[in-house]
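Throughout, read-outs are computed from the coordinates displayed, never taken from laboratory work. In this text the structure is predicted, and so the values were computed from the model without any measurement. No Cβ is skipped: glycine too gets one built from the backbone with ideal geometry, and neighbour counts run over all protein chains shown.
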Amino acid sequence: MSITIQFLGHAGFLLEGSSAVAIDPFLTGNPVATLKPDDIKCQAVVLTHGHADHFGDTIAIAKANDATVYGAFEICEYCGEHAVGKLEPMNPGGKVAADFGFVALTQAFHSSSFNGKYMGMPCGAIVNLDGTTIYHCGDTSLFSDMKLIGEIYKPDVAMIPVGDRFTMGPELGAKAAELIKPRVAIPIHYGTWPLLTDDISAFTPAGVEVMAMKPGEKWECA
């Protein structure tokens, strides 16, 4: 079954199939976002880590949609403290079954906090929706176990940060894509602010199709 992938800008996505799943829905304060939190209709929110440019509008979106939040234990604790009712706390290596498929968290090399509060380990996220598997790398450096993650989950699509400074740059992002071996790689986390590179011409992984999406753009992944 095909699903629709909509890029929300920066590192956020909305996946739509039998259910709708938002990943890292940072809209308020996002200078490139074309949508507002009220525009997001979903049954689940998946979070890679707690930084504001990823955690974003999670609480507002989860409450408005009565959506389930999937994320690190500490992130879910924080959401629960702010009256989010449906929570699936997880940690790297874990996997949670869902009506639409499953969510799993992988390791990532970064940090994770929100308003000075520790938000657990940073993660990558695997979302299987109607049989299509998405690997959102989160914010991370390059690490060799990306090859193992690719072998285990065989993602159809990988969302790979390439903005440099806080994550991989384009060259290392390309190497990550070659390790993961998805059918399609979508570059993320670049050009949003001046500190992030906006030149990703070096993101040219061998054997992997690159799809650079514009904020608000939709793509049907068959």
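Quick notes on this one:
- Any hit, region 74-97, residues being in contact (Cβ under 8 Å) with a residue 40 or more places away in the chain, surrounded by 17 or more Cβ atoms within 10 Å (Cβ to Cβ) and closer than 27 Å to Lys214 by Cβ: no
- Residues satisfying the stated conditions in region 172-217, i.e. in a loop (DSSP other than H, G, I, E, B), more than 18 Å from the chain's Cα centre (by Cα) and not small (Gly, Ala, Ser): Trp193, Pro194, Leu195, Thr197, Asp198, Asp199, Ile200, Phe203, Thr204, Pro205, Val208
- Whichever residue in region 126-158 is of a type in the set (Asp, Glu) and in contact (Cβ under 8 Å) with a residue 40 or more places away in the chain and, among such residues, is farthest from Pro170 (Cα to Cα): Asp130
- If only residues of region 21-42 that are touching a Phe, Trp or Tyr at 6+ places or on another chain (Cβ under 9 Å) and crowded, with 21+ Cβ neighbours inside 10 Å are counted, the one that is farthest from Cys137 (Cα to Cα) is Ala33.
- Neighbours by Cβ (under 8 Å, 6+ apart or cross-chain): first from region 179-199, over 13 Å from His10 (Cα atoms) and free of Cβ contacts under 8 Å to residues at least 40 places away in the same chain; second of a type in the set (Phe, Trp, Tyr) and crowded, with 18+ Cβ neighbours inside 10 Å: Ala185/Phe203
- Considering the conditions (1) assigned to a loop (DSSP other than H, G, I, E, B); (2) under 27 Å from Gly131 (Cβ atoms); (3) within 12 Å of the chain's Cα centre (by Cα), Met1 is excluded by exactly one of them, (3).
- Matching residues in region 137-171 - criterion: being in a helix (DSSP H, G or I) and crowded, with 24+ Cβ neighbours inside 10 Å: Met146
- Residue match in region 79-89 (condition: of a type in the set (Lys, Arg) and within 23 Å of Asp198 (Cα to Cα)): no
- Flag if Gly120 is under 29 Å from Glu77 (Cα atoms), touching a helix residue (DSSP H, G or I) at 6+ places or on another chain (Cβ under 8 Å) and of a type in the set (Gly, Ala, Ser): yes
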